[in-house]
Amino acid sequence: MKIIKKIPIKKVVTDHSKEQLAEEYQIKIFKLEQECEQLKFEQKKMEQQTVGKKEDIAAKFSKRIASRQDHIKWYKYKLEQLQVLPLGSQVQEGEVEALIEIEEGMNWQEVMEEKSITIKDGIITKIT
């Protein structure tokens, strides 16, 4: 029988990966800031086109803008943390699902033992 198990992916922090992550975070911040500006523009446009219910429109748009601003704060925090992260440390990058073959008589603890994939500069360096 085969089962599906989630395997964490760990990324080793190097100068290159730090630069790459910083760039990725800055791009996400930039896109979110653009979305906020677009939402503000759409809000003003809708308020001018409709009579009444401006409070409802403002509430709807302010909620969407606040959500994006929270994401911006999160990415800025991640940028700050990235700067103090020492080289060689490992950060969790995500998860993948693996297909594991199990049979009767196998040790369940060994099957469920924590496994991981370690990546350094885009190259798999270790599978445990």
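The values are calculated or read from the model by the stated rules, or taken from the named source; none is laboratory data. Since the structure is predicted, the reported quantities are computational estimates derived from the model, not experimental observations. Here Cβ is always computed from backbone atoms with ideal geometry, including for glycine, and neighbour counts include all displayed protein chains.
For the stretch 1-25, a tally of residues being of a type outside the set (Lys, Arg), out of contact with any helix residue (DSSP H, G or I) (no Cβ under 9 Å at 6 or more places or on another chain) and assigned to a strand (DSSP E or B) returns 5.
Only one residue in Glu23, Glu42, Glu19, Glu33 is surrounded by 11 or more Cβ atoms within 10 Å (Cβ to Cβ), without any contact (Cβ under 8 Å) to a residue 40 or more places away in the chain and within 27 Å of Ile117 (Cβ to Cβ). Which one?
Details: Glu23 fails: surrounded by 11 or more Cβ atoms within 10 Å (Cβ to Cβ); Glu42 fails: within 27 Å of Ile117 (Cβ to Cβ); Glu33 fails: within 27 Å of Ile117 (Cβ to Cβ).
It is Glu19.
Of all residues in the stretch 102-128, those that are touching a residue at least 12 places away in the same chain (Cβ under 8 Å) have Cβ atoms under 9 Å from Cβ atoms of residues that are assigned to a helix (DSSP H, G or I) and among the β-branched types (Val, Ile, Thr), 6 or more apart or on another chain, in Ile102/Val111. The combined condition, being out of contact with any Lys or Arg (no Cβ under 7 Å at 6 or more places or on another chain), modelled with pLDDT under 90 and surrounded by 11 or more Cβ atoms within 10 Å (Cβ to Cβ), is fulfilled by Lys53. Restricted to the stretch 56-78, and to residues that are farther than 27 Å from Gln20 by Cα, exposed (fewer than 12 other Cβ atoms within 10 Å of the Cβ) and among the charged types (D, E, K, R), which residue is nearest to the chain's Cα centre (by Cα)? This residue is Lys63.
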